[in-house]
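> Okay, here's the structure, questions in a sec.
The values are calculated or read from the model by the stated rules, or taken from the named source; none is laboratory data. All of these numbers come straight from a predicted model, not from anything done at the bench. Here the Cβ positions follow ideal geometry from the backbone for every residue, glycine too, while neighbour counts run over all protein chains shown.
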Amino acid sequence: MGPFHIFGAGGIGLALAVSLHKAGLNVLLVEKNSKKIDYCNAHGVILNNQHFPIKILPFDLWKPIPNAIHFLCVKCYDNSKILEKIPTQAILIPIQNGFDQQLSLHPLAGEGIASFISECTPFTTKATITRAGKLHLGPLQPWANLKLLSELNAHLKEGGLDSYLVSWSLPYKNTKLMYNAAISPLTSAGGLENSALLKAGKLRTLFFRLLLENYTILKAANQPLGTLGPMHPSKVAWLLKTQGLGEMLAPFFRPSLKQTYCSMFNDIAMGETEIDNYNGHLSRLAKAFNTPSPINDHAVSVIENMSLNRCKGSSNWLASLLDPF
């Protein structure tokens, strides 16, 4: 298969590149950040302290070639420039967290949803898997393109990635959204690591409320949900609705979130954010199906204000998100 062109030398892109490289396949990273490019040319890709000689090319110099398989591992706000250069007939597979309407205009071979966390050191091609998990690889329509995706899945597994072929990607993408749209705005507003969400207090209360609001919106919109992690979202919602049970279990889950950060954490101070692809998407779904979404609506407003003013997370911004609730 291949060659493989991976757009985005962040944590997910690097983990994917290493897996394909270890499987003996032709891999090219495509990146816009000059510091990342220089680092990769000097040191290669470093994943979990192992070095791999993987090629990298500036996005401005990249040109499409026949038969390439393209992975979109960038933030949603970078999609438009890439989609302008990729031919519509090219094989394209996004591995992203948010929902981007632009992708509906490009025929996709499938998509991947990562339940593992790969954190990249800023301005480098050095990443560390900080939480184990799977890559759920599947088609946008149930049971479509399974021959291609099955072959790709086999190569990824051969390269050491815990890749798992599913019959439909949407249930897993919705579940990832349910969690990300609760974690990202709260930790980004406060400048906090993810584990802070499970510490007793007003922040944890709002985190649980936002999880339930996200679940309620997705169910009202008849969106399918899959299992990421130990429990199906319906079980998570039941736990949170059962008085005192979520609070009792929180200390057991908190250690797994230590030293992990959401992908939005560093973007806001640079004036970029995927909040519209996370909570904005849920707010639009809620309005379409007459479902209340007060926390999502407010989260979008706060994070967009932070991004507009290029602000880092702080206790004051967190308070502005918490106070109305």
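> Looking for something within 18 Å of the chain's Cα centre (by Cα) and of a type in the set (Asp, Glu) - is there at least one such residue anywhere in segment 206-214?
No, segment 206-214 has no match at all.
> Could I ask something else about it? In segment 152-179, how many are among the polar types (S, T, N, Q) and over 19 Å from His5 (Cα atoms)?
4
> Now, a different point. Could you list, in sequence order, all residues of segment 73-88 that are over 23 Å from Met270 (Cα atoms), of a type outside the set (Lys, Arg) and either in contact (Cβ under 8 Å) with a residue 12 or more places away in the chain or crowded, with 22+ Cβ neighbours inside 10 Å (or both)?
Ile86, Pro87, Thr88
> Just a yes or no: is a residue in segment 26-33 over 23 Å from Leu108 (Cα atoms), modelled with pLDDT of 95 or more and either of a type in the set (Val, Ile, Thr) or not assigned by TED's automatic domain parsing to the domain that holds Asp276 (or both)?
yes
> Also: Just checking: which of the strands (runs of 3 or more DSSP E) contained wholly in segment 110-160 hold 1 or more residues that are under 20 Å from Gly8 (Cα atoms) and modelled with pLDDT of 95 or more?
Output list reads 111-114, 126-131, 135-138.
> Quick check on my filter: what residues within segment 72-99 are out of contact with any Gly (no Cβ under 9 Å at 6 or more places or on another chain) and of a type in the set (D, E, K, R)?
Lys81, Glu84, Lys85
> In addition: Given the structure, is Lys219 more than 30 Å from Leu103 (Cα to Cα) and either charged (D, E, K, R) or touching a residue at least 24 places away in the same chain (Cβ under 8 Å) (or both)?
no
> OK, next. Taking segment 49-72 on its own, how many of its residues are touching a strand residue (DSSP E or B) at 6+ places or on another chain (Cβ under 6 Å) and either within 30 Å of Ile268 (Cα to Cα) or in contact (Cβ under 8 Å) with a residue 40 or more places away in the chain (or both)?
11
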